[in-house]
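The values are calculated or read from the model by the stated rules, or taken from the named source; none is laboratory data. Keep in mind the model is a prediction, meaning the values are calculated, not measured. Ideal geometry is used to build each Cβ from the backbone, glycine not excepted, and the neighbour counts take in all protein chains shown. Quick note on the areas: whole protein, heavy atoms, side chains included, nothing else; ligands and nucleic acids left out. Shrake-Rupley method; radii C 1.70, N 1.55, O 1.52, S 1.80 Å.
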Amino acid sequence: LSRQQAARELEEWLSQLGLLELAPLLLSEGVDLETVQVLEDTDLIRMNVGALGTRRMLLNARSTVTHYKQLRETIARLEAEAARKESALREALLQARSAAEGGDAATARASELAEQLRAERERSAGLQLALDEQAECTLAEAARGESWREHALAFAHDLEAVQERQHALAEAQRSIAE
């Protein structure tokens, strides 16, 4: 896998999570879909991914990477296989048309190949459906992560308010003591 392909895969995955803005940062750190599997919260903090919700969303969604890549590879393999079979079918059909004798055997082979191609297309459609379902799950996970992010931001805001109140109380106590 070339560096550009790895970058495109990471960007596509992050885009599906709604975290495309992290792509330049992760890529500058040499992170791709393989290394995202072993990232830890401390790594993300070190890379200045400060928002807890964003870190949690990324860490939770990384389990989808392997399944996502497997489905994409399977679909690519099936599409290539279908193209080969379609080519073989065309060749068989041409042979069937041009053969004066033995045309029945070529026609039977062409029909056989056509049936194999149909079956492969059905299998490919099923895998595409599975990939679409996985994408939906990824988007749902991203939404849950966003919700956690909003809760974390609200918590941080509340924490800041509490710290300000504590500081004001400490100041008041100092002034009373003086």
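For the range 49-106, enumerate the residues that are over 38 Å from the mean Cα position of the chain (by Cα) and crowded, with 16+ Cβ neighbours inside 10 Å. Result: 92, 93, 95, 96, 106. Within the range 1-46, the residues that satisfy the criterion of being of a type in the set (Val, Ile, Thr), open to solvent by less than 90 Å² (accessible area, probe 1.4 Å) and free of Cβ contacts under 8 Å to residues at least 12 places away in the same chain are 35, 45. Evaluate the range 70-80: report whether one residue or more is closer than 18 Å to residue 148 by Cα and either modelled with pLDDT of 90 or more or in contact with a Pro (Cβ under 6 Å, 6 or more places away or on another chain) (or both). So far as the range 70-80 goes, no, none of its residues is closer than 18 Å to residue 148 by Cα and either modelled with pLDDT of 90 or more or in contact with a Pro (Cβ under 6 Å, 6 or more places away or on another chain) (or both). Remark: pairs (first residue in the range 70-91, under 19 Å from residue 111 (Cβ atoms) and among the charged types (D, E, K, R); second residue open to solvent by 40 Å² or more (accessible area, probe 1.4 Å) and part of a helix (DSSP H, G or I); Cβ separation under 8 Å; 6+ apart in sequence or on different chains) = 85/116. Looking only at the range 1-36, which residues are outside any loop (DSSP other than H, G, I, E, B) and more than 21 Å from residue 137 (Cα to Cα)? Of everything in the range 1-36, those that are outside any loop (DSSP other than H, G, I, E, B) and more than 21 Å from residue 137 (Cα to Cα) turn out to be 3, 4, 5, 6, 7, 24, 25, 26, 27, 28, 35.
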